[in-house]
Amino acid sequence: MANVSYLPEQNLWFVDIPYVDPLSNNNTYYYSMLLSGSNLSLVKPFIESTVRPLQQTNNSVISFGVVQINGKVACKTATPIPVYALIDPYAPGAFKGIATAVNLSSMYPNKLNVSYDFVFTNYSSRWYAGFGTEHTQLLGTYLYCSSAQGKIGEYAENVSKIFVGTPIDNDTLYQTAVGSGLNTSELNSCLANATSTLSYQATLARFYSVVTTPQFIVNCQYSTIPETADSAINYSLNQLG
């Protein structure tokens with residue numbers, strides 16, 4: 001059941017393997033790895049969360065770290081190009097993915113329009129029974145609202161210092177937002193209206209058949225992971241000439 005792709009320019013194999021986790025209600029997750037094309041030695045492993053795609057895709061690897069999304073076309077023909085950072089806040093690497101997106105914005109000034117989209121996969125839903133859906137999803141809501149004020153870098157860094165993998169109570173999230181310099185009036189308004197936005201973000205993830213997070217969608221047609229996002233961005237910018 002593994003999906004295997006060869007990257008000829010880098011002489012690497014990308015392997016994506018589904019597995020059932022008996023400690024997470026037998027949910028299916030994905031373990032991915034890069035293997036050397038010379039001796040199949042492990043180059044880099046990835047453990048990723050999953051969301052169910054609308055259908056099987058015919059996506060194809062077109063360059064290192066760049067997956068062409070089948071049937072999608074560029075939504076921009078000039079810079080700044082859009083970059084959607086799709087993240088489950090409870091997935092491994094979520095805060096690192098946010099930090100990567102923030103750094104990319106600084107690395108490519110005036111060339112990227114980065115948006116942060118928070119989706120709730122199996123890594124989130126495993127907490128619903130014990131904490132409730134609304135309580136669990138508060139973390140994603142606050143992260144989104146911090147991004148709306150351009151403060152997600154500061155807020156995510158501060159939250160990561162107290163995050164232990166389980167949902168955080170509302171008072172702590174709010175006080176952390178205040179300490180991170182968020183405008184409270186804008187924050188309150190955002191929190192009150194975030195449900196429809198998060199629903200749209202979930203629809204966006206399904207539209208692009210996202211199966212792992214953190215995942216970046218670059219220029220509406222290329223999929224990549226945080227570790228190779230700069231490759232996808234450079235590829236997309238080069239296509240624009």
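The values are calculated or read from the model by the stated rules, or taken from the named source; none is laboratory data. Because the structure is predicted, anything quoted here is derived from the model rather than measured. Glycine gets a Cβ as well: all are built from the backbone with ideal geometry, and neighbour counts include every protein chain shown.
Restricting region 66-90 to residues that are within 19 Å of Ser146 (Cα to Cα) and touching a residue at least 60 places away in the same chain (Cβ under 8 Å), the residue that is farthest from the chain's Cα centre (by Cα) is Pro82.
For (1) more than 19 Å from Ser236 (Cβ to Cβ); (2) touching a helix residue (DSSP H, G or I) at 6+ places or on another chain (Cβ under 9 Å); (3) loosely packed, with under 14 Cβ neighbours inside 10 Å, each residue gets a yes or a no:
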{"position": "Met107", "(1), (2), (3)": "no, yes, yes"}
{"position": "Lys111", "(1), (2), (3)": "no, yes, no"}
{"position": "Thr136", "(1), (2), (3)": "yes, yes, no"}
{"position": "Tyr142", "(1), (2), (3)": "yes, yes, no"}
{"position": "Gln149", "(1), (2), (3)": "yes, yes, no"}
{"position": "Gly153", "(1), (2), (3)": "yes, yes, no"}
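Just wondering, is there one or more residues in region 69-91 that are out of contact with any helix residue (DSSP H, G or I) (no Cβ under 9 Å at 6 or more places or on another chain) and within 27 Å of Leu35 (Cα to Cα)? Within region 69-91, one or more residues are out of contact with any helix residue (DSSP H, G or I) (no Cβ under 9 Å at 6 or more places or on another chain) and within 27 Å of Leu35 (Cα to Cα).
State all residues of region 106-121 that are in contact (Cβ under 8 Å) with a residue 60 or more places away in the chain, assigned to a strand (DSSP E or B) and among the aromatic types (Phe, Trp, Tyr); if no residue qualifies, say none. Matches in region 106-121: Phe118 only. Within the option set Ala99, Ala129, being modelled with pLDDT under 95 and assigned to a helix (DSSP H, G or I) holds for one residue only, Ala129. None of Thr228, Thr213, Thr224, Thr197 is under 14 Å from Tyr142 (Cβ atoms), among the polar types (S, T, N, Q) and assigned by TED's automatic domain parsing to the domain that holds Val67 except Thr197.
For region 195-229, which residues satisfy the criterion of being closer than 19 Å to Leu112 by Cβ, surrounded by 17 or more Cβ atoms within 10 Å (Cβ to Cβ) and not β-branched (Val, Ile, Thr)? Of everything in region 195-229, those that are closer than 19 Å to Leu112 by Cβ, surrounded by 17 or more Cβ atoms within 10 Å (Cβ to Cβ) and not β-branched (Val, Ile, Thr) turn out to be Gln201, Tyr208, Pro214, Gln215, Phe216, Asn219, Cys220, Gln221, Tyr222, Ser223, Pro226, Ala229. Could you list, in sequence order, the residues of region 76-98 that are in contact with a Leu (Cβ under 6 Å, 6 or more places away or on another chain) and closer than 20 Å to Leu198 by Cα? Correct list: Val83, Pro89.
Let's see how each residue does on (1) in the same structural domain as Gly97 (by TED's automatic domain parsing); (2) more than 18 Å from the chain's Cα centre (by Cα); (3) modelled with pLDDT of 90 or more; (4) not in a helix (DSSP H, G or I):
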{"site": "His135", "(1), (2), (3), (4)": "yes, yes, yes, no"}
{"site": "Leu139", "(1), (2), (3), (4)": "yes, no, yes, no"}
{"site": "Leu143", "(1), (2), (3), (4)": "yes, no, yes, no"}
{"site": "Ser146", "(1), (2), (3), (4)": "yes, no, yes, no"}
{"site": "Gly153", "(1), (2), (3), (4)": "yes, no, yes, no"}
{"site": "Ala156", "(1), (2), (3), (4)": "yes, no, yes, no"}
{"site": "Val159", "(1), (2), (3), (4)": "yes, no, yes, no"}
{"site": "Val164", "(1), (2), (3), (4)": "yes, yes, yes, yes"}
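For region 122-134, filtered to residues that are within 22 Å of Ile217 (Cβ to Cβ) and in contact (Cβ under 8 Å) with a residue 40 or more places away in the chain, the residue that is surrounded by the most Cβ atoms within 10 Å (Cβ to Cβ) is Tyr123.
In this structure, is Ala91 out of contact with any Pro (no Cβ under 6 Å at 6 or more places or on another chain) and assigned to a loop (DSSP other than H, G, I, E, B)? So Ala91 passes the test.
Residue by residue, here is whether (1) among the polar types (S, T, N, Q); (2) assigned to a strand (DSSP E or B) holds:
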| residue | (1), (2) |
| --- | --- |
| Ile168 | no, no |
| Asp171 | no, no |
| Ser185 | yes, no |
| Cys190 | no, no |
| Arg206 | no, no |
| Phe216 | no, yes |
| Ala229 | no, no |
| Tyr235 | no, no |
